[in-house]
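The values are calculated or read from the model by the stated rules, or taken from the named source; none is laboratory data. Predicted model, so just to flag it, every value in this text is computed and none were measured. Glycine gets a Cβ as well: all are built from the backbone with ideal geometry, and neighbour counts include every protein chain shown.
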Amino acid sequence: MTTTTPTPEASPSGVPPLTRPEMGLAGVGALAAAGVGALGLISSFDAVSAAAARWGFGEPWMLPVGIDVAIPVFTVANLLLIRMDMALAWVRFVPWVLTLVTCGLNVAAGHGVWAKVAHGTMPLLWVVFSEIGAHIYAVRIGAATGRRMEKIRFSRWLLAFPSTFALWRRMTLWEVTSYSEALEREKERQLARADLRERYGRKWRSKTPRRERVMLRMGDLAPVTDQETATPPPVENPPAPPAEPKPRPRRRTTAKAKGKAQRTFEDALSEARTVTAEWTEAELTADRLRTTLRVSQANARKLRDTLKDERADGRALHAVDVPEGEAPAAEAA
């Protein structure tokens, strides 16, 4: 009988958690790093104590102990702030400053070049290991809370710096933390920009309505998809076209209409029935309804689906201004 080791499930960041052997290896590495860092701090004790004695300290041992104890204390404080999602940028630099002071005193205590390098390297090991731990902690906490912004590949900065800078700027301004989501939005923005240029020509920036320009800048203006522009399937027993349809005057928007309250969905549906009475199935798209009726993209899609359902059910479309009891001109014919 064979036993299979269960595969660890991936975390929300997409990286599988560490297995037991990996956790054990990480624990051994952490203990070794703590030991090496402690040796580095202990080795600098004599050099810093000698410097404190030359500077007139009554108790020379207090200076190295104070500095060497403050370094791990501020390191732990930085990790706790990251854990509570209250990180302070300047706290992580305090151990660096204290370590540089210790390294400077140890370098000054050396008599030769290699002695100075050896004295200065040992205290530096603690800060290096603590920075690695803080980075792992910050990445894990950011991935769990969803607030960590993913980095853009360095190769993309080299190959397309202007567009990459614009992408990074939009990610920062609109708090888009996922790099893949930012790329998807950029693709949609480019397609929507191409649609606007095809619709309005070379001067599309000045001819495009201001609301659409703002939506394009924010990345919320989605392009016309193939699903909306595709030819609908043929309807069984299509109704016969009316004989000699009368041209319907274009609806004008007056100043009084502009001052009214916001239309409800039922009002927009009634107006859509009137406007689209002579439209074909191919012309009945959400994009055209949105631009004609001045409604949102979501309402335009709902109107499109409702009108297509009514046409599929065979219900006759009638104008809202026709009095009750009076049949439309198309039915009368």
Criterion (of a type in the set (Lys, Arg) and exposed (fewer than 12 other Cβ atoms within 10 Å of the Cβ)) met by exactly one of Arg202, Arg140, Arg170: Arg202
Residues of region 172-190 satisfying the condition of being of a type in the set (Val, Ile, Thr) and not in a helix (DSSP H, G or I): Val176, Thr177
Scope region 86-109; condition in a loop (DSSP other than H, G, I, E, B) and in contact (Cβ under 8 Å) with a residue 24 or more places away in the chain; matching residues: Ala87, Arg92
Any hit, region 41-62, residues being under 16 Å from Ile136 (Cβ atoms), modelled with pLDDT of 80 or more and either of a type in the set (S, T, N, Q) or out of contact with any helix residue (DSSP H, G or I) (no Cβ under 6 Å at 6 or more places or on another chain) (or both): no
Region 36-54 residues that are assigned by TED's automatic domain parsing to the domain that holds Leu124, paired with ones that are among the aromatic types (Phe, Trp, Tyr) and assigned to a helix (DSSP H, G or I) (beta carbon under 7 Å, 6 or more apart): Gly37/Trp126; Gly37/Phe129; Gly40/Trp126; Leu41/Trp126
Residue match in region 148-163 (condition: modelled with pLDDT under 75 and either part of a loop (DSSP other than H, G, I, E, B) or aromatic (Phe, Trp, Tyr) (or both)): yes
Residue, surrounded by the most Cβ atoms within 10 Å (Cβ to Cβ), within region 110-129, restricted to residues that are in contact (Cβ under 8 Å) with a residue 24 or more places away in the chain and of a type in the set (A, V, I, L, M, F, W, C): Trp126
Inter-residue pairs, beta-carbon under 7 Å, first over 18 Å from Val214 (Cα atoms) and in region 170-194, second charged (D, E, K, R), 6+ apart: Thr177/Arg147; Thr177/Arg148; Thr177/Glu150; Ser178/Glu150; Tyr179/Glu150
Residue pairs meeting the criteria (Cβ under 9 Å; at least 6 apart or on separate chains; first closer than 22 Å to Glu212 by Cα, in region 266-295; second among the hydroxyl-bearing types (Ser, Thr, Tyr) and surrounded by 19 or more Cβ atoms within 10 Å (Cβ to Cβ)): Glu283/Thr276; Leu284/Thr276; Arg288/Thr276; Leu289/Thr276; Thr292/Thr276
Filter result for the condition that a residue is at pLDDT below 80, part of a helix (DSSP H, G or I), in contact with a helix residue (DSSP H, G or I) (Cβ under 7 Å, 6 or more places away or on another chain) and surrounded by 12 or more Cβ atoms within 10 Å (Cβ to Cβ), over Ile82, Ile67, Ile71: Ile82
